[in-house]
Amino acid sequence: MSDADLRIDPLTGAYVVVTPWRQQRPNRPDGCPFCPGGLEAPEPYDVRHFPNRWPALPDGCHDVILHSPDHGASFPVLGEEQAARVVELWSARTAALGARDDVKYVFVFENRGRQIGATIDHPHSQIMAFTMIPPAAAAELSPGKCELCQGTDDDLVVIRRDGWQAAVPWAPSWPYEMLLCPASHVPDLPAAGPELRAGLGAILVEALTRMERLLGADTPYMLWIHQRPSDGNDWPAAHLHLHLMPARRAPGVARHLAAAEFGAGVFFDPVDPRQAAARLRE
C-alpha cells in the first residue's frame with residue numbers, strides 16, 4: 001500500500017484507501033465462484049484461501065478464506081470441527097502474511113449477509129495485511145496495559161468454555177454485540193496453539209448459534225479479530241479477541257447506523273447490555 005493509496009482526511013483524521021478497481025467487481029455473480037468447480041475453487045476442497053481478485057489492498061495483501069464447500073453453511077451449520085479448521089487457516093495466513101517485512105498488522109474479518117454488503121452468500125471470510133496498524137486496533141493498544149485481563153462482570157458473560165469467554169461489552173456499540181477472548185493473555189492466533197484455537201472454533205459456533213436463536217437464522221453480522229501487530233514490537237496490551245456485531249436490534253428488525261453515529265461519533269444502544277447478556281444466555 002503506497003502513500004498514494006492511503007489518504008488521511010485532514011478534518012477528521014480518518015484513514016481512507018482509494019480503490020477504484022473494486023467498483024468493477026461483480027455484484028451477485030451468476031453461479032457461485034466459491035463452490036467447488038467455480039472460478040475461485042476449481043478443485044474439491046475442505047477449507048481454502050486465495051488472493052482476492054478485486055483487492056482492497058494491493059500486492060497480495062488481501063486474502064479470501066472459504067469455510068466450506070457447502071454453499072448454504074454458516075458457522076452453526078459447520079459445527080465445531082470444521083470451524084476449528086477455519087481458525088487454523090486464519091492462523092496460518094496470519095503467520096505467513098505477518099512474516100512479510102512490509103506488513104505491520106494482519107486483520108481477519110467476516111461480513112455475513114446482504115444487509116452488511118456481502119456480495120456472495122457462500123460462507124467465507126477475508127484477511128487484510130496492512131502496512132500500518134489500523135486506527136481501531138491502535139486505539140485498543142494505546143493504554144499500554146491489557147484491559148481484557150481486568151476481568152468481566154458475571155452478569156455480562158454469556159459463555160465460558162474451552163479456555164474462552166464470550167461476553168456483552170459494558171459499553172456496546174451494537175445491541176447483542178459480543179466480545180470473545182481467551183481467559184489467558186494470548187497475543188495472537190499463532191501464539192494461541194492448536195488446543196486454544198480449537199476452543200475458539202467451539203465458542204464461535206456456540207455464540208453464533210445463540211445469536212441466531214435470539215435474532216433469527218438469517219441475522220447478518222460483522223466479525224473481526226484484533227491481535228498483536230506484526231511489526232516486531234512487544235505490545236503488552238495485545239490480547240487476542242474477536243468482535244461479533246449482529247446487525248439487528250430485535251428479531252427481524254435491522255439496527256442502522258445513521259447521522260448521530262457517523263456525524264457525532266457517538267453510538268446509541270437501545271438494549272441494556274446486562275439484559276442482552278441474559279437473553280443470549282437463555
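Looking at Pro42, Pro76, Pro69, can you tell me which residue is touching a Phe, Trp or Tyr at 6+ places or on another chain (Cβ under 7 Å), closer than 30 Å to Ala202 by Cα and open to solvent by 30 Å² or more (accessible area, probe 1.4 Å)? If you could, list the steps in order and put the result at the bottom.
Working: Pro42 fails: touching a Phe, Trp or Tyr at 6+ places or on another chain (Cβ under 7 Å); Pro76 fails: touching a Phe, Trp or Tyr at 6+ places or on another chain (Cβ under 7 Å).
Among Pro42, Pro76, Pro69, only Pro69 is touching a Phe, Trp or Tyr at 6+ places or on another chain (Cβ under 7 Å), closer than 30 Å to Ala202 by Cα and open to solvent by 30 Å² or more (accessible area, probe 1.4 Å).
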Condition set in a helix (DSSP H, G or I) and over 25 Å from Asp272 (Cβ atoms), scope the range 125-138, selection least open to solvent (accessible area, probe 1.4 Å): answer is Ala137
Please list, ordered by first then second residue, the pairs with beta carbon atoms under 8 Å, 6 or more apart or interchain, first in the range 81-109 and touching a residue at least 12 places away in the same chain (Cβ under 8 Å) and among the charged types (D, E, K, R), second part of a helix (DSSP H, G or I) and open to solvent by less than 20 Å² (accessible area, probe 1.4 Å). Glu81/Gly201; Arg85/Gly201
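Every residue in the range 167-209 that is among the acidic types (Asp, Glu) and assigned to a helix (DSSP H, G or I), please. So that I can check it myself, show each step before the final result.
First, pick out the residues of the range 167-209 that are among the acidic types (Asp, Glu): 177, 188, 195, 206.
Result: Glu195, Glu206.
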When every residue in the range 102-124 that is among the hydrophobic types (A, V, I, L, M, F, W, C) and at pLDDT 95 or above is compared, the one most open to solvent (accessible area, probe 1.4 Å) is Phe107
Out of Phe75, Phe109, which single residue is closer than 22 Å to Pro229 by Cα, within 16 Å of the chain's Cα centre (by Cα) and among the aromatic types (Phe, Trp, Tyr)? Phe109
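Quick check, is Val271 free of Cβ contacts under 8 Å to residues at least 24 places away in the same chain, open to solvent by less than 70 Å² (accessible area, probe 1.4 Å) and more than 30 Å from Val106 (Cβ to Cβ)?
Working: free of Cβ contacts under 8 Å to residues at least 24 places away in the same chain: no; open to solvent by less than 70 Å² (accessible area, probe 1.4 Å): yes; more than 30 Å from Val106 (Cβ to Cβ): yes.
When the stated conditions are applied, Val271 does not pass them.
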Which number in (1) modelled with pLDDT under 95; (2) under 17 Å from the mean Cα position of the chain (by Cα) marks the one condition that Met245 misses? (1)
Subset of the range 141-151, residues surrounded by fewer than 18 Cβ atoms within 10 Å (Cβ to Cβ) and not hydroxyl-bearing (Ser, Thr, Tyr), comes to Pro143, Gly144, Lys145, Cys146, Glu147, Cys149, Gln150, Gly151
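Output the residues belonging to the range 143-152 that are on the phi < 0 side of the Ramachandran plot, without any contact (Cβ under 8 Å) to a residue 40 or more places away in the chain and assigned to a loop (DSSP other than H, G, I, E, B). Break it down into steps so the answer makes sense when it comes.
Just the residues of the range 143-152 that are on the phi < 0 side of the Ramachandran plot, to begin with: 143, 145-150, 152.
Among the residues that remain, those that are also without any contact (Cβ under 8 Å) to a residue 40 or more places away in the chain are: 150, 152.
Thr152 - this is the single residue of the range 143-152 that is on the phi < 0 side of the Ramachandran plot, without any contact (Cβ under 8 Å) to a residue 40 or more places away in the chain and assigned to a loop (DSSP other than H, G, I, E, B).
For the range 152-163, does any single residue satisfy the condition of being touching a His at 6+ places or on another chain (Cβ under 8 Å) and surrounded by fewer than 18 Cβ atoms within 10 Å (Cβ to Cβ)? Working first, answer last.
Taking the range 152-163 and keeping what is touching a His at 6+ places or on another chain (Cβ under 8 Å), we get none.
No - not one qualifying residue is present in the range 152-163.
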Test set (1) open to solvent by 20 Å² or more (accessible area, probe 1.4 Å); (2) under 25 Å from Arg112 (Cα atoms) - Leu200 fails condition number: (1)
Test: residue in the range 90-100 that is closer than 28 Å to Ala198 by Cβ, hydroxyl-bearing (Ser, Thr, Tyr) and touching a Ser or Thr at 6+ places or on another chain (Cβ under 9 Å): yes
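The values are calculated or read from the model by the stated rules, or taken from the named source; none is laboratory data. From a predicted model like this one, the values you see are computed outputs, not experimental measurements. Note that we place each Cβ from the backbone using ideal geometry, even for glycine, and neighbour counts take in every protein chain shown. Remember, those area values only see protein heavy atoms, side chains included, never the ligands or the DNA or RNA. Shrake-Rupley method; radii C 1.70, N 1.55, O 1.52, S 1.80 Å.
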